[in-house]
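Worksheet: the structure to be examined is printed underneath.
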Amino acid sequence: MKIGFIGLGHMGAAMAKNLILAGHYVTLFNRTSGRSRALVQLGGHEAPDIAGACHGEAVITMLADDVAVADSVLEKDGVIANLPQGAIHISMSTISVALSRRLAQAHRQAGQRYIAATVMGRPDMAASAKLFILAAGDAAAIDFCQPLFDALGQKTSNIGPEPSAANLVKLTGNFLQAAVIEALGEAVALVGKAGIDRHAYVELLTSTVFTAPAYKIFGPLIAEDKFEPAAFAAPLGYKDIRLTLAEAENLRVPMPVAGLLHDRFLRLFAQGGQELDWSAIGGLATQDAGARQVSATSSMSSAN
């Protein structure tokens, strides 16, 4: 398939690479120059501007936030101004429900098709084509794009005909992950201050009743107090909580835990944690307890 790919950050570069390796004709554009060099060597094609990436059957955007997506899609030299009628814009960014609805309307007016296909997974999953893809929009357009999704992920879930539904599902998924991080941080802080081996505690949890990937990924990071380099930067996590709260306010749904997470991110940023992984909010409870790291005086072991 002939496609464009806009946005070559940690996730986007890995995804574009997998599309190239799968045999698709991929034209690449990134606002920061130099990001596409390695992908061109693999067989990708660099575009000088957004228009150059919009001549295929579809164009994928994988950008950081609402501002970047709106600038790249809605401005006069953006995707909508250059995408052919009937072609598909696949927005894979985590953006607000409101912007997704705005994009859907703008594409309809331009005679183009629009799919929201948000992804769940960290950069290592993107690199190994193991993402979970949440697709919403016209069913025929989703089916047409399935070969692209197959090259990017291990499973595609059809969320329904309204594209913004995929964005809300993704936001709530990130809210749940952030809630896991906060709960893990509080639990690790408590057992750590009691003198229990933090690492052994997390190993016990993740090998018994808390075996979900979120616990296995974030538990060791919190136990080790290791939040660099950032696989998912804290400002992006904060952005997703803000967007979740915005839609909760719109729908009149109280989300007190989301409000707490919002303030935890602000606490992290107040002490200069903008460059850390979002799991760093899980380390705040240990700081609040007055014990950055506590030496273990006892260990967890299995009873025989």
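Only one entry in A280, A231 is at pLDDT below 95, in contact with a helix residue (DSSP H, G or I) (Cβ under 9 Å, 6 or more places away or on another chain) and closer than 28 Å to V97 by Cβ, namely A231. When A98 is tested against (1) in contact with a helix residue (DSSP H, G or I) (Cβ under 6 Å, 6 or more places away or on another chain); (2) surrounded by fewer than 17 Cβ atoms within 10 Å (Cβ to Cβ); (3) closer than 16 Å to D240 by Cα, only condition (1) is not met. Listed by first and then second residue, the pairs linking a residue in segment 214-233 that is assigned by TED's automatic domain parsing to the domain that holds I196 to a residue that is basic (K, R) and at pLDDT 95 or above, with Cβ atoms under 7 Å apart and 6 or more places separating them unless they lie on different chains, are A223/R198. Checking each residue in segment 113-131 for being in a strand (DSSP E or B) and free of Cβ contacts under 8 Å to residues at least 60 places away in the same chain picks out R113, Y114, I115, A116, A117, T118, M120.
Residue by residue, here is whether (1) of a type in the set (A, V, I, L, M); (2) modelled with pLDDT under 95; (3) over 30 Å from R102 (Cβ atoms) holds:
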{"position": "F144", "(1), (2), (3)": "no, no, no"}
{"position": "T172", "(1), (2), (3)": "no, no, no"}
{"position": "A183", "(1), (2), (3)": "yes, no, yes"}
{"position": "Y201", "(1), (2), (3)": "no, no, yes"}
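For segment 49-95, filtered to residues that are of a type in the set (S, T, N, Q) and crowded, with 24+ Cβ neighbours inside 10 Å, the residue that is nearest to I6 (Cα to Cα) is T61.
Put simply, of A178, A194 the only residue that is among the aliphatic types (A, V, I, L, M) and surrounded by fewer than 18 Cβ atoms within 10 Å (Cβ to Cβ) is A194. Taking the stated definitions as given, is I80 over 17 Å from L148 (Cβ atoms) and in contact with a His (Cβ under 7 Å, 6 or more places away or on another chain)? Considered against the rule, which asks whether it is over 17 Å from L148 (Cβ atoms) and in contact with a His (Cβ under 7 Å, 6 or more places away or on another chain), I80 comes out as yes. Looking at segment 2-19, can you tell me whether even one residue there is modelled with pLDDT under 95 and of a type in the set (S, T, N, Q)? So far as segment 2-19 goes, no, none of its residues is modelled with pLDDT under 95 and of a type in the set (S, T, N, Q). Scanning segment 155-172 for residues that are more than 12 Å from D138 (Cα to Cα) and either free of Cβ contacts under 8 Å to residues at least 12 places away in the same chain or part of a strand (DSSP E or B) (or both) yields K155, T156, S157.
The values are calculated or read from the model by the stated rules, or taken from the named source; none is laboratory data. What you see is a predicted model; the values in this text were computed from it and never measured. Cβ: placed from backbone, ideal geometry, glycine included. Neighbour counts: every protein chain shown.
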